[in-house]
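This report concerns only the one structure given below.
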Amino acid sequence: MATLPVEVTLEVSPRARFDVIDVRRRVAQEYHDVLDVYSRALYCSFHTTAGYLEQSLASRLEHRRDRVAPYVQLFRTLFPQGADYEHDKLHLRQELSDEQRRVEPRNADSHLAFIGAGLTPVVSYVNRPGNPVYFVDLDGLNGEQPRRRQTTVLGFDDEEVVARERLSVPVSAHPVDSINLKNPRLGFYEQIQGLVARHGVEKGRVHLSLAVTERQAGLTINEYETLLMRHDLADVLHDPLRFVAEKSRSLLAHPRAIPNKTIDYAKYDLVRVFNEIFDALGLRESFVEQIVSRVIALPASRFLRMKRAVSLLVSDRDRSGCGTLVQGQYQSPILVQWHKAARGQRHVDVTLTRFR
């Protein structure tokens, strides 16, 4: 007799602003062997600055915390805390009240590192009880106070495709742009929710992927805040070393010795920091070092691990027997382009699956 999918939820308390937490171990501690009978597990974060690496990348990092952390650190170096991010200029954030401005974290660096490193809120892993699965938190503290984090883990054995559709997304004529697929004016998110309701999926996922003909574009799930997406991310796509360049002067012994060479400072500092990481990991000539060479030599569109596909959790956690899309308050699927689209639109393939 088949085992029905099981869903458990954990509260995660980060110990530092940047923390790497073994959620698989936490599940075993709190729920014992509840996942062990399943061949696969879906991990879901409800946050825009904390999530998971795809299993293929985690495997290349040998599922080791001492390799995952330095890999993510590459992108934290690229997007340093306290640089001149528009998102962090809280007086410009019109959606915030005065009270919210007093407590809102300045965390544009964490959002950009999340996107750049290829972190994602929803991943599916082949379930290997001996292997850790890491929840990577890039903004775990607000001041000295740990932020409240929540993640769901869903064990299942099989994934059945129940529907496929191709949806069109209108985009602007700007070569660099980002589109909030959750914007009600598009109707995109509502069409997906309707698909879930029509097919009565209780536990599963919606897989969004760019059509194979789409180029120079990517998908992510993050906070769609205008200053972050329309300014900071656009700045990265235009000038990938801008923010690290701003911080590099203070990291060199004699930054004024060669005036007007900020970009050279950035390159020097990146190489120095990255080489220390590579030496510690024994990763010279590895795929990570190749990423770094792209950071220095190529446009941001070539080195950001911007995904062509993302997933959304479908669950009946809030109402038994009635599945719906489940996301965190600030999470939105976002289409990003760094070249003008043909005919002012892009196509996204939607696949709805049911867990069994």
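Some observations on this one:
- Alpha carbon centroid spacing (whole Å) that separates the stretch 102-121 from the stretch 201-226: 18
- Counting beta carbons within 10 Å around each of THR3, THR213, THR226 and listing the fewest first gives the order THR213, THR3, THR226.
- Here GLU7, GLU144, GLU99 are placed in order of increasing Cβ neighbour count within 10 Å, fewest first, which gives GLU144, GLU99, GLU7.
- Two-site FRET efficiency, ARG198 against SER56, from Cβ-Cβ distance with R₀ of 30 Å, rounded to 0.05: 0.40
- Order of TYR330, TYR38 under a 10 Å beta carbon neighbour criterion, fewest first: TYR330, TYR38
- 15 Å beta-carbon shell around ALA50, net charge (K/R +1, D/E -1): 0
- Relative contact order (%) - criterion: Cα under 8 Å, at least six apart; region: the stretch 49-173: 39
- Ranking ASN180, ALA234, THR213 by Cα position along the charge dipole of the stretch 171-242, where only Lys, Arg, Asp and Glu carry charges on their C-beta atoms, puts THR213 farthest toward the positive end.
- Per-pair calculated FRET efficiency, R0 = 22 Å: SER13 and VAL103 via Cβ, rounded to 0.05: 0.75
- Dipole-positive endmost among HIS63, THR49, ALA83 within the stretch 22-154 (Cβ charges, Cα centre): HIS63
- Only Lys, Arg (+1) and Asp, Glu (-1) charged, at Cβ; the stretch 64-187 dipole about Cα centre in debye: 160
- Size-normalised alpha-carbon gyration radius of the stretch 4-49, reference 2.2 N^0.38 Å: 1.27
Values in this text are rule-based calculations from the coordinates and carry no lab data. All of these numbers come straight from a predicted model, not from anything done at the bench. Note that we place each Cβ from the backbone using ideal geometry, even for glycine, and neighbour counts take in every protein chain shown.
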